Each structure stands twice: as C-alpha cells, then as structure tokens.
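**Q** The structure under discussion is supplied below as structure tokens; questions concerning it will follow.
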C-alpha cells in the first residue's frame with residue numbers, strides 16, 4: 001500500500017503519517033531527507049526525532065538517490081519529506097532536467113517492495129507568485145512529482161490544520 005500525505009507548512013502532515021504507521025506491526029523505517037545545513041534544519045530534525053521517539057522507527061538518512069535506500073522488502077516505511085528530496089536532487093550540483101522522473105521512478109521501485117510506504121510532501125506554488133527561475137523550476141518539479149505520486153497512490157490525504165481530508169482512496173482492488 002502506498003499513501004501520499006500532502007498539505008501546507010506546519011499542517012500536521014508528519015504526525016498524521018506517524019499515527020497511521022503506528023497501527024502497523026513490524027519493522028518501521030523512517031527515511032529522513034533533510035540535510036542539516038542550517039540551524040533551522042537542525043531544529044526541525046531535532047523536533048521530528050522527538051516526535052518519533054519511542055515509536056519503533058529505525059532512521060535511514062537518504063538525501064538523494066532514493067532508489068538506493070537500503071530498506072528490506074516488506075517493511076513499513078515513512079519518507080519525510082518529498083520537498084527536501086526534490087531540493088537535494090536539484091541543488092546538489094549534479095542537477096539533471098529529468099529530476100522529477102528520477103524521483104518518481106525511485107519512489108515507485110522502493111514502494112512496490114514494501115508492505116506500506118507513506119510519503120509526506122508539501123503543497124507549493126499555490127500562492128500565484130512568480131519567483132526566481134530556479135525556484136520556479138523547483139515548484140514545477142515538485143508539482144510534477146506530487147501529481148505522478150498521487151496517481152500511483154492507493155490513498156491521498158491532505159492535512160488541513162491537522163484534519164485529514166481523504167482525496168483518494170482505492171477500495172477492494174480498484
């Protein structure tokens with residue numbers, strides 16, 4: 001099963017994902033994609049570690065090349081978050097124009113082997129503002145990734161102020 005959780009900044013996406021995963025038995029993996037470059041990033045990482053303390057997660061730090069994540073088949077996996085993964089792939093100095101396709105392919109390869117995979121992503125680009133070219137390229141790539149993953153997903157949930165809005169749910173083999 002593949003679940004995509006989306007929403008705005010600080011909307012409760014991470015807690016929602018962790019609560020869903022807590023209902024599953026077995027080994028739980030948390031794929032952390034935020035590189036600790038800044039004080040804000042380090043603070044966010046610390047906050048997320050506290051949130052998942054005692055929940056049985058093994059953390060795997062994977063900042064890019066998600067298809068290479070060393071996660072055993074049949075696991076329960078939470079990837080946090082797609083926005084960071086996209087930025088890492090784009091701004092690592094090795095950017096290629098097919099970054100969205102690369103990420104989607106990698107996620108699907110990883111998810112197809114798992115009992116459950118949840119990906120947390122962000123809604124960006126809805127403000128209608130035009131930004132610098134590289135920011136607009138990031139917004140375009142993340143939008144393409146989110147669109148492709150929502151089509152692939154069994155369930156898509158939007159977190160609005162911590163309230164889950166189910167946007168898509170496959171039922172009985174749909």
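**Q** With the condition kept exactly as written, say whether any residue in the stretch 5-23 is in contact with a helix residue (DSSP H, G or I) (Cβ under 6 Å, 6 or more places away or on another chain), in a strand (DSSP E or B), touching a residue at least 12 places away in the same chain (Cβ under 8 Å) and closer than 21 Å to residue 112 by Cβ.
**A** The answer is yes; a qualifying residue exists.
**Q** Something else now. Among the residues of the stretch 1-45, count how many are at pLDDT below 85 and touching a strand residue (DSSP E or B) at 6+ places or on another chain (Cβ under 6 Å).
**A** Residues that pass the stated criteria total 1.
**Q** Return the residues of the stretch 63-86 that are in contact with a strand residue (DSSP E or B) (Cβ under 8 Å, 6 or more places away or on another chain) and either under 19 Å from residue 5 (Cα atoms) or free of Cβ contacts under 8 Å to residues at least 12 places away in the same chain (or both); say none if nothing qualifies.
**A** 66, 70, 75, 76, 77, 78, 79, 80, 81, 82, 85
**Q** Test residue 93 against the stated conditions and say whether it is over 12 Å from residue 2 (Cβ atoms) and free of Cβ contacts under 8 Å to residues at least 60 places away in the same chain.
**A** Here the answer is yes, as residue 93 does meet what is asked.
**Q** Within the stretch 152-174, how many residues turn out to be surrounded by fewer than 11 Cβ atoms within 10 Å (Cβ to Cβ) and over 13 Å from residue 5 (Cβ atoms)?
**A** 5
**Q** I need the full set of residues from the stretch 142-166 which are in contact with a strand residue (DSSP E or B) (Cβ under 7 Å, 6 or more places away or on another chain) and without any contact (Cβ under 8 Å) to a residue 24 or more places away in the chain, in order please.
**A** Listed by number, the residues that qualify are 165, 166.
**Q** Of all the strands (runs of 3 or more DSSP E) wholly in the stretch 44-155, which have at least 1 residues that are under 14 Å from the mean Cα position of the chain (by Cα) and within 23 Å of residue 169 (Cβ to Cβ)?
**A** Here the list reads 76-80, 116-120.
The values are calculated or read from the model by the stated rules, or taken from the named source; none is laboratory data. Since the model is a prediction, treat every value here as computed from it, not as a measurement. Here the Cβ is made from the backbone with ideal geometry for all residues, glycine too, and neighbour counts use every protein chain on show.
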